[in-house]
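Structure first, then comments.
The values are calculated or read from the model by the stated rules, or taken from the named source; none is laboratory data. If you're wondering where the values come from, they're calculated on a predicted model, not measured in any experiment. All Cβ positions, glycine included, derive from the backbone under ideal geometry; neighbour counts span all protein chains shown.
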Amino acid sequence: MTFAIALGLGASLFWGTADFFGGMQSRHVPVLAVTFWSQLAGGLLLLAVLLGRGEGPSLHAVAYGCAAGLFGGSALLAFYRALAEGAMSVVAPIAAGAGVVPVVAAFVGGTPPTAPEIAGIAATLAGIALVSRPTPGQQPGGRPGVVVALALYAALGFGLYFVLVHAGSDGPAGSPLWTVAAGRASSIALLLAIASSGRRVPWPGRRLPQVALVGLFDSSANVLFAYASTRGNLGVVGVLSSLYPVVTVVLARVVLAERLSWTQRAGVVLAFLGVGLLAGG
């Protein structure tokens, strides 16, 4: 379980970094361009790894991965749009509500967390909730209703992505790499369909290296989560992987000088307390 915790925390670190820089790029180039080209760059990385390993495809993993990609791709598009229009310190923590979905799935699936793990989950989610409380200067943006709605959809989509990736990665027929790769392929197909219904996918121009780096971080986080979900309780791993807003908020504070309130600072402390409880459980 300790290894699963490390993998889950690693996933949150990579996701938080990807989300911060993805949000930054979405303020300079169209959201669809950031989402599509970053997903493609991450997909090429996964393809290279699969070819290098010589691992044959698993129908079970591909099926669940494709379903996961539809939710993950649409959630990522909504998330980057929200980040482009609103404050990162507001949008990212709302989307972290995704961690609730795998916890519910673990209970429904008959593998509930232990009592210490439940305490850790509660502390972590409470910390994320406190981090998500904006100060007066951290308004959601020019269209607060739209920004919050996009962030809430992102939370649901990411949560379902967690559950479906776990289903495709676990068990004798499971394959974390093929599940994530199939998810990336289906999300790219979804983005192409969205683009073809309106306009072509914009080219990010000289920002392509930065956009590609976002995709590499994102793919790495997905793989770490997929492996973590096969080595620990889905609810625990899902909550740990949902700590990425802490990374995003800290980066926003350091790079963009977005100010944190005392409740948000307390939320960060509480979230780390929850991690400690989960590690000890």
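Return yes or no: is residue 206 in a helix (DSSP H, G or I), charged (D, E, K, R) and free of Cβ contacts under 8 Å to residues at least 40 places away in the same chain? Yes: the conditions hold for residue 206. With respect to (1) surrounded by 24 or more Cβ atoms within 10 Å (Cβ to Cβ); (2) under 30 Å from residue 122 (Cβ atoms); (3) among the hydroxyl-bearing types (Ser, Thr, Tyr), the lone exception for residue 17 is condition (1).
Condition check for residue 30 on (1) touching a Pro at 6+ places or on another chain (Cβ under 7 Å); (2) at pLDDT 90 or above; (3) not small (Gly, Ala, Ser): one failure, at (2). Taking the numbered list (1) touching a residue at least 24 places away in the same chain (Cβ under 8 Å); (2) over 17 Å from the mean Cα position of the chain (by Cα) in turn, residue 82 passes all entries but (2).
Here residue 275 clears all of (1) touching a residue at least 40 places away in the same chain (Cβ under 8 Å); (2) surrounded by fewer than 24 Cβ atoms within 10 Å (Cβ to Cβ); (3) over 17 Å from residue 7 (Cβ atoms); (4) not polar (S, T, N, Q) except the condition numbered (3). On inspection, residue 82 passes the criterion of being aliphatic (A, V, I, L, M), modelled with pLDDT of 80 or more and part of a helix (DSSP H, G or I). Quick check, is residue 253 surrounded by fewer than 19 Cβ atoms within 10 Å (Cβ to Cβ), in a helix (DSSP H, G or I) and touching a residue at least 24 places away in the same chain (Cβ under 8 Å)? When the stated conditions are applied, residue 253 passes them.
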